[in-house]
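Shown next, in structure tokens, is the structure this report addresses.
The values are calculated or read from the model by the stated rules, or taken from the named source; none is laboratory data. Here the structure is a predicted model, which is why all the values come from computation and not from measurement. In this analysis, Cβ positions are derived from the backbone assuming ideal geometry, glycine residues included, and neighbour counts consider all displayed protein chains. Accessible surface areas use protein heavy atoms only, side chains included; no ligands, DNA or RNA. Shrake-Rupley method; radii C 1.70, N 1.55, O 1.52, S 1.80 Å.
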Amino acid sequence: MRITENLEKIRYLILDVDGTMTDGGVYLDDHGREMKKFSIKDGAAVLLARQAGIETVILTGRKSGAVARRAAELGITEVFQDVKHKRTFLTAYFEKKGIRPEEAAYIGDDLNDLEAMKCAGLPACPQDAARQVKAVCACVLTSCGGQGAVREFVEMILEKRGILDQCAEELWGCSE
């Protein structure tokens, strides 16, 4: 199937965090608190996806209070942290939810995402993803992780469906 056909079928957007929703940096202060920088544009993309009926799922190999907080701010209820074997988890999750692979897109950037990405009908990655990840992705985005890659991908889906402007209008009262 071509990527444009796959865009029409996506109902679930599976997101890695570090290197996808963030720039991959982990900031630690003198008190051991962790901070992450998330893109506001990517956050808006999550809202646009929801408006279009696409559910966002966070699947990350690390555990972070910053991730839980950002997910709550965006209304993402399916948040799975500290998942060491993402493929095993995702296979079981798809089965439990009755999700067909072609209904899921997965955006990840590094080797720990590689096998899980193969479970999704549409694997995508930021421009700065590991070369092994780029090799299996149907869509290598022009944006880097944490710098609008999620937004770029969501807009691609909604533009293909012809509903990007409609979703933006419904959410924020604006369109292009």
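Details
- For region 47-118, dividing the convex hull volume of the Cα atoms by the residue count gives 95 Å³ per residue.
- Order by protection proxy (mean Cβ within 10 Å, highest first), peptides 77-87, 103-113, 30-40: 103-113, 77-87, 30-40
- Here the chain exposes an accessible surface that is 49 percent carbon and sulfur, computed with a 1.4 Å probe and the other protein chains kept in place.
- Overall form of region 1-138 per C-alpha gyration tensor (a/c, 1.5; a/b vs b/c): prolate
- Size of electric dipole in region 99-139: Cβ of Lys, Arg +1 and of Asp, Glu -1, about Cα centre, debye, nearest 20: 140 debye
- Ranking VAL140, PHE80, ASN6 by Cα position along the charge dipole of the chain, where only Lys, Arg, Asp and Glu carry charges on their C-beta atoms, puts PHE80 farthest toward the positive end.
- The alpha carbon gyration tensor of region 105-156 gives principal lengths a ≥ b ≥ c with a/c of 1.5 or higher and a/b no greater than b/c, which makes the shape oblate.
- The dipole here belongs to region 46-88: it is taken about the Cα centre, uses +1 on the Cβ of Lys and Arg and -1 on the Cβ of Asp and Glu, and is about 240 debye.
- Taking amide H atoms as placed 1.01 Å from N in the peptide plane, the amide H of GLY24 lies under 5 Å from those of GLY19, each 5 or more residues away in sequence or on another chain.
- Summing Cβ point charges (Lys, Arg +1; Asp, Glu -1) relative to the Cα centre of region 1-150 gives a dipole of roughly 240 debye.
- Per residue, the accessible area of region 89-176 comes to 47 Å², computed with a 1.4 Å probe over protein heavy atoms only.
- Length gained on full extension, LYS84 to GLU159: 23.6 nm, using 0.36 nm per residue less the C-alpha separation.
- Listed residue pairs exceeding 20 Å between alpha carbons, taken from LYS86/LYS134; LYS36/LYS63; LYS41/LYS86: LYS41/LYS86
- In terms of the mean number of neighbouring beta-carbon atoms within 10 Å, the peptides 117-125, 46-54, 159-167 order highest first as 117-125, 46-54, 159-167.
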